[in-house]
1. Kindly establish whether Tyr94 is under 30 Å from Glu25 (Cβ atoms), crowded, with 16+ Cβ neighbours inside 10 Å and modelled with pLDDT of 90 or more.
2. Can you find, within segment 56-87, the residue that is surrounded by the fewest Cβ atoms within 10 Å (Cβ to Cβ) among those that are under 19 Å from Phe31 (Cβ atoms) and touching a residue at least 12 places away in the same chain (Cβ under 8 Å)?
3. Report, by residue number, each residue of segment 97-127 that is within 23 Å of the chain's Cα centre (by Cα), open to solvent by less than 50 Å² (accessible area, probe 1.4 Å) and within 30 Å of Asn159 (Cβ to Cβ).
Amino acid sequence: MASAAANFAPAVDRNEVHRSAKALEQINTLFHDYCHATSVTATVQKKLAKALKEASNVKGTHPTAANMFSAAATIFEGVGEVQSKFAKLCEREYEGLSSELKKWFKKMNKEDRQHDELVYSLQAKLKSTTQGYEKKMKGRFMESTAASDHSQYINTLNNLTAELSQAREIYSESLSSKHIRILLITGGTVGR
């Protein structure tokens, strides 16, 4: 599954990933509700089967009605067993999905924070470099060292800008591939 995510990882907007994360969180919550409803349905079906059996065994029940109750009890008992197994499967799938989403949310928040700190740091370096250059160059436009200082300033700006662009690109690629991975996990879970 990870290789499928690596093969198709278009750059995605950070805000879109966060919107998607909220949607995945809602899917997870509703999937939990679905699992609970499935479990409750299985329990009700088993109780109904038991009540139908008891009704069919009561003295004074017409034989035709008793046969209908007994047949219905058998059907509800069988459906209840299948529903119960399905509910257990749903619950296991939910627990696995919930665990994966929690890990992904935690990791995404940590990586967001690290990326924001890196971008802030690089932007601060750009700002301090510019301020330092402007302070140094006030009134020195005609001096012989002004050209070399300007060249050094431009090189520093280019390096910092390239570093900032690379950090953003790496972050975007990483976020995209991890986002696709969690989408595939979620889709696989609810699709089973």
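The values are calculated or read from the model by the stated rules, or taken from the named source; none is laboratory data. Since the structure is predicted, the reported quantities are computational estimates derived from the model, not experimental observations. Counting neighbours? That spans all protein chains shown, and the Cβs are built from the backbone with ideal geometry, glycine included. These area figures cover heavy atoms from the full protein model, side chains too; ligands, DNA and RNA do not enter into them. Shrake-Rupley method; radii C 1.70, N 1.55, O 1.52, S 1.80 Å.
1. yes
2. Phe86
3. Correct list: Met108, Glu111, Asp112, His115.
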